1. Among the candidates ARG97, ARG110, which residue alone is open to solvent by 80 Å² or more (accessible area, probe 1.4 Å), at pLDDT below 95 and farther than 26 Å from ALA24 by Cβ?
2. In region 76-86, which residues are in a helix (DSSP H, G or I) and either touching a strand residue (DSSP E or B) at 6+ places or on another chain (Cβ under 7 Å) or open to solvent by 30 Å² or more (accessible area, probe 1.4 Å) (or both)?
3. List the strands (runs of 3 or more DSSP E) that sit entirely inside region 1-49 and contain at least 3 residues that are open to solvent by 50 Å² or more (accessible area, probe 1.4 Å) and at pLDDT below 95.
4. Please work out which residue is surrounded by the most Cβ atoms within 10 Å (Cβ to Cβ), limiting yourself to region 52-75 and to residues that are assigned to a loop (DSSP other than H, G, I, E, B) and among the acidic types (Asp, Glu).
5. Read through the list (1) touching a Ser or Thr at 6+ places or on another chain (Cβ under 7 Å); (2) without any contact (Cβ under 8 Å) to a residue 12 or more places away in the chain, then give the number of the only condition that MET71 fails.
Amino acid sequence: MATLRLQQFHCREATVNYALVRPARLDLESFAHATGTHPELVRRLVDLGILDAEQDLTGNLWFSLGQLAAMARIQRLRTGFALNYAALGLVIDLLDRITVLEAAIRHSPRRTGGRPWT
């Protein structure tokens, strides 16, 4: 997640902060609009733990840009397999575990039991 960088200027009376970089994140309405979903559905997916969001002090949800790809994946799985939203969490978790295991196999040295022939 992108962090907000602040430039500080010190005066005699107060410290003034200016944001140098806008954080790369979307609020609930912008995220729902970008993904073509209803904000209440997005909120439900966050509650189920299928989407990740940060909540600020006022209770507003903020999404990183990476969650756009996660929402696209959710929509593909829901359309392709007609899964309910609770089952989506399980399927996504299993797919992520498979990806990790495949990467571990791909990067581990293969042992055939003997000395190499070359």
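1. Result of the check over ARG97, ARG110: ARG110.
2. ARG76, ARG78, THR79, GLY80, PHE81, TYR85, ALA86
3. Where strands (runs of 3 or more DSSP E) fall fully within region 1-49 and carry at least 3 residues being open to solvent by 50 Å² or more (accessible area, probe 1.4 Å) and at pLDDT below 95, they are 6-10, 15-19.
4. ASP52
5. (2)
The values are calculated or read from the model by the stated rules, or taken from the named source; none is laboratory data. This is a predicted model, so every value here is computed, not measured. Ideal geometry is used to build each Cβ from the backbone, glycine not excepted, and the neighbour counts take in all protein chains shown. Please note that ligands, DNA and RNA were not included when accessible areas were found on the heavy atoms of the full protein model with its side chains. Shrake-Rupley method; radii C 1.70, N 1.55, O 1.52, S 1.80 Å.
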